[in-house]
Every structure is written in structure tokens, then in C-alpha cells.
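Engineer: Mind having a look at this structure? Questions to follow.
The values are calculated or read from the model by the stated rules, or taken from the named source; none is laboratory data. Quick caveat: nothing in here was measured; it's all calculated off a predicted structure. Glycine also receives a Cβ, built like all others from the backbone with ideal geometry; neighbour counts cover every protein chain displayed. Protein only, heavy atoms only, side chains kept; ligands, DNA and RNA dropped before computing areas. Shrake-Rupley method; radii C 1.70, N 1.55, O 1.52, S 1.80 Å.
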Amino acid sequence: MKYQQLTQIPKLYFGHEDLARVLGISQSSAKVAASRYVRQGWLVRIKRNVYMLREKWKTASLEELFQVANISQVPSYISLTTALGFYGISTQIQRDFIESIALQRTHEIHVNSTVFTYTRISKDLYFGFDRRQEYFMACPEKALLDAMYLMSFGRYSLDTSALDPSKLDVQHLASLCISFPSRTRKLLWSHGYLSET
């Protein structure tokens, strides 16, 4: 059965080349087959030439969804409330909602009931993230900075009452915020994260 062959693909997500190899068909035929399998419910289309087995999608861990978020827009990294919640700094739980910072554009991708959001920032502020296993994520202090930066321009809403400041490295935060505009530093100061602007 074709579906059993699809389960032999060891990757979390894959493209037409992988389908062609496991099914023994050409890449052009694999492209047609992929569209058919999406309609049949066997595959979930993430974006052009990126698919997941529906069963893997339904059982995906949060970390696997972070991988999907990274690949859905390149380059990007997990940040904002999604990262703050992951680190246990925010008590806000965002179900089926993954936030990322990106270089190219601000937009949303809807995959079934999950929403992947991407907020563009300037290249000068695109730093402060690390590779964790198979995905990129902001460090805790940069996730807060990204949120405060966007808040200072009216582009984001962060529930600061849900944050636990004791889990942040204030010295690291102060070091990172040097690259940010003064309005961001003033907002941090007004919320008690900096001793001076």
C-alpha cells in the first residue's frame, strides 16, 4: 500500500525528492502524487514542496512544531510569548500558535488549526538566538526584548503581569538592549527591567 511506503520516510518533513525515492517514481510524478495524498488526508502540506505525514503532524511535539516554524520561513527564530512561555517566564499558554521573528516579511501561515506568525525586524536586531536541537530560538532575554521592541511601536501586546522576572539574566538583558532604540530601553525601564535608560 502506498501509505505504508510513505511511512518509510524517516524525516519529520520531506519534499518531492523523498516521495520520488520511496515510491520509485519521477519527481514530476511525485509532485502530482503529493497533491493527491494531501486531498486524501495522508499528507499535510506545510508549504511548497514541504509535507508531513498526517499522523506525524497530529502527534507532533512542541519542539517539532518549532522545527516546522523555522522551515516555513527561512531565516527565522522562535521568540516573543512563545519562547517566554517555553522557558517558563510567562504563564501565558498559546495553544496552536507559534510566534517567530524573521528577516523577510511579516505574515501568517495557517496549517490546519495551527497558526505560525512571523514578524519582521531589521537585520541590525536579528541576533540573540541559538540553535536548540533542530530549531532556532531566542534566548530568554532576547525574546523579551523582541516583545518590548515591538510593543514600543504599537506592533505587539505582551501581558507583562504574566512574566516572572526572576528567571531573566538582567545583566545579559542590559547588554543586549544596547542595540535597541531608546524607546525600547525606556519601556524596559518603566517595567523595572533596567536600572537606567
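Engineer: Which value in nm describes the separation of the simple spin-label points at Val50 and Gln4, placed 7 Å from the Cα toward the beta carbon?
Structural biologist: Taking the two extended label points, one gets 3.2 nm.
Engineer: Towards the positive end of the charge dipole of segment 22-70, with charges on Cβ (+1 Lys, Arg; -1 Asp, Glu), say which of Ala33, Leu43, Leu53 has the farthest Cα.
Structural biologist: In segment 22-70, that residue is Ala33.
Engineer: With no solvent and one equal point scatterer per Cα, compute the Debye intensity ratio I(q)/I(0) for segment 43-197 at 0.10, 0.19 Å⁻¹ and report its log10, rounded to two decimals.
Structural biologist: Debye intensities relative to I(0), on a log10 scale: -0.35, -1.16.
Engineer: Let me ask something additional. What do you reckon, how do Lys11, Lys58 stack up by accessible area (1.4 Å probe), largest on top?
Structural biologist: Result, largest first: Lys58, Lys11.
Engineer: Among Ser182, Ser161, what's the order by accessible area (1.4 angstrom probe), most exposed first?
Structural biologist: Putting Ser182, Ser161 in descending order of accessible area: Ser161, Ser182.
Engineer: Calculate, in whole percent, how much of the Cα-Cα pair population of segment 1-52 lies beyond 19 Å.
Structural biologist: Summing the P(r) tail past 19 Å for segment 1-52 gives 8 percent.
Engineer: Here is a follow-up. Skip the ligands, DNA and RNA, and give the accessible area per residue of the chain with a 1.4 Å probe, whole Å².
Structural biologist: Counting only protein heavy atoms, the per-residue value for the chain is 52 Å².
Engineer: Subtracting the Cα-Cα distance from 0.36 nm times the residue separation, let me have the gained length for Ser26 to Asp130 in nm, one decimal.
Structural biologist: Length difference between fully extended and current span is 33.7 nm.
Engineer: Additional query: Going through the cross-link list Lys56/Lys167; Lys142/Lys167; Lys31/Lys123, which pairs have a Cα-Cα distance over 24 Å in this structure?
Structural biologist: Lys56/Lys167; Lys31/Lys123
Engineer: If one takes the longest principal axis of the Cα atoms in the chain, at what angle in degrees, from 0 to 90 and to the nearest 10, does the Cα axis of helix 62-72 lie?
Structural biologist: Here the helix axis deviates by roughly 80 degrees.
Engineer: Here's another thing I want to ask about it. What 222 nm value per residue comes from the helices of the chain, counting each DSSP H run with n ≥ 4 as -39,500 (n - 2.57) and dividing by all residues, nearest 500 deg cm²/dmol?
Structural biologist: -11000 deg cm²/dmol
Engineer: At R0 = 35 Å, how high is the FRET efficiency between Leu194 and Val115 if r is their beta carbon distance? Nearest 0.05 is fine.
Structural biologist: Given R0 = 35 Å and the Cβ-Cβ separation, E is 0.65.
Engineer: Going toward the positive end of the dipole of segment 44-116, with +1 on Lys and Arg Cβ and -1 on Asp and Glu Cβ, which of Thr82, Gln92, His110 do you reach last?
Structural biologist: In segment 44-116, that residue is His110.
Engineer: Please state the charge dipole magnitude for segment 79-197, taken about the Cα centre, from unit charges on C-beta atoms (+1 on K and R, -1 on D and E), reported in debye and rounded to the nearest 20.
Structural biologist: 300
Engineer: First compute the accessible area of the chain with a 1.4 Å probe, then give the percent of it belonging to carbon and sulfur atoms.
Structural biologist: 48
Engineer: Can you give me the Kirkwood hydrodynamic radius for segment 118-184, using every pair of distinct Cα atoms, in Å to one decimal?
Structural biologist: Computed over Cα pairs of segment 118-184, the Kirkwood hydrodynamic radius comes out at 12.8 Å.
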